[in-house]
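The structure appears right after this line, and notes come after that.
The values are calculated or read from the model by the stated rules, or taken from the named source; none is laboratory data. What you see is a predicted model, and the numbers here were worked out from it, not measured in a lab. Here Cβ is always computed from backbone atoms with ideal geometry, including for glycine, and neighbour counts include all displayed protein chains.
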Amino acid sequence: MDLAEIWRVMRRRWYVLLPGLLITAALTTGVYLLVPVEYRSQSTVTLLNSRKATVAFDGNPFLSTQASLTGMADGLARNLNSDDSKADLKAQGLTGEYEAKIADNAQGPFMWLIVTGTDPGAVLKSDQVLTAYAEKRLQEFQAQQQVTPDAMIRMATIVPPQKPEAQTKTRLQYLVMAGALGFVLSLVATFFVEARRRAPAKPGRHRPGASEAGAEPGPGPEAGAEPGAEAVPGARSEAVPGARSEAAARAGAPEAAAGSAGPS
């Protein structure tokens, strides 16, 4: 089936295709209205060596880095994602969903603090709450181990919570899925109706021209003859016209011979 045939079927069965397209449009509009736009805010923080550990570097923490800081950053991220931290953050006013993780392709103890939600103002405020809570939890960890203040690992904010940006990818995916599904179902219904209308007659039902398409009937008694009646010699034959003309030619051959043998 080529494109021209598909177009002809769509035109013939427009009364099936049109309602399907209208339902698809309504479905897509519903998805557009029901699926809200999500906003995302992100901050980047890093862990720094203690003041005591940076004495040899004139107090510059960026010149003193250790592998243990990356391990501490991973442990802090896991704690921030725990159920206890979620309950604390919710009590402090954080709304929406958040995530704390090691920054992608990080070359040091860098962490991303990400908050998503449907209200841009609430998302920005929640990211600020999460950033402050992360520094507080870092200090609590070390205080529980009775680490002196001069030996405590510190946290610095590299990128503060950013202005929330709309995340339209998920919403667009839902819109495309709804539109594609509705259009495909409309086409399926259209061609289903077309196939039903083109379906052949059921077996056993009389179809015109069936006798011509079949084999010729064999010799038998003529219509109207009584059962058991024998065929009468000289009865009308049902042979084809070519056979009758050949029989007439043979019958006329003796007469022609007798005429030629007479007196001249």
Scanning segment 131-148 for residues that are among the small types (Gly, Ala, Ser) and surrounded by fewer than 16 Cβ atoms within 10 Å (Cβ to Cβ) gives Ala132, Ala143
Check your understanding: Do we find that Val115 is assigned to a loop (DSSP other than H, G, I, E, B) and among the aliphatic types (A, V, I, L, M) in this structure?
Key -> no
In the set Ala166, Ala156, Ala151, the lone residue that is touching a residue at least 12 places away in the same chain (Cβ under 8 Å), under 18 Å from Glu38 (Cβ atoms), surrounded by fewer than 18 Cβ atoms within 10 Å (Cβ to Cβ) and among the small types (Gly, Ala, Ser) is Ala166
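Here is a yes/no grid of residues against (1) in the same structural domain as Met152 (by TED's automatic domain parsing); (2) touching a Phe, Trp or Tyr at 6+ places or on another chain (Cβ under 8 Å); (3) buried (at least 18 other Cβ atoms within 10 Å of the Cβ); (4) of a type in the set (Gly, Ala, Ser):
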{"residue": "Ile23", "(1), (2), (3), (4)": "no, no, no, no"}
{"residue": "Leu47", "(1), (2), (3), (4)": "yes, no, yes, no"}
{"residue": "Ser50", "(1), (2), (3), (4)": "yes, no, yes, yes"}
{"residue": "Ala56", "(1), (2), (3), (4)": "yes, no, no, yes"}
{"residue": "Asn60", "(1), (2), (3), (4)": "yes, no, no, no"}
{"residue": "Asn79", "(1), (2), (3), (4)": "yes, yes, no, no"}
{"residue": "Gln92", "(1), (2), (3), (4)": "yes, yes, no, no"}
{"residue": "Phe110", "(1), (2), (3), (4)": "yes, no, yes, no"}
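For segment 75-90, give me each residue that is within 19 Å of Gln139 (Cβ to Cβ) and not polar (S, T, N, Q).
As a first pass, look at segment 75-90 and keep what is within 19 Å of Gln139 (Cβ to Cβ): 75-82, 84-85, 88-89.
Matches in segment 75-90: Gly75, Leu76, Ala77, Arg78, Leu80, Asp84, Asp88, Leu89.
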All-but-one check, Ala53 against (1) within 30 Å of Gly121 (Cα to Cα); (2) aliphatic (A, V, I, L, M); (3) more than 44 Å from the chain's Cα centre (by Cα), failing number (1)
By residue number, the members of segment 94-105 that are touching a Phe, Trp or Tyr at 6+ places or on another chain (Cβ under 9 Å) and either within 17 Å of Leu130 (Cβ to Cβ) or surrounded by 14 or more Cβ atoms within 10 Å (Cβ to Cβ) (or both) are Leu94, Gly96, Glu99, Ala100, Lys101, Ile102, Ala103
Gln145 vs (1) within 24 Å of Leu76 (Cα to Cα); (2) not assigned by TED's automatic domain parsing to the domain that holds Gln42: all pass except (2)
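Can you spot a residue in segment 92-109 that is touching a residue at least 60 places away in the same chain (Cβ under 8 Å) and among the hydroxyl-bearing types (Ser, Thr, Tyr)?
Let us first name the residues in segment 92-109 that are touching a residue at least 60 places away in the same chain (Cβ under 8 Å), namely 108-109.
Filter again for among the hydroxyl-bearing types (Ser, Thr, Tyr), leaving none.
For segment 92-109, residues touching a residue at least 60 places away in the same chain (Cβ under 8 Å) and among the hydroxyl-bearing types (Ser, Thr, Tyr): absent.
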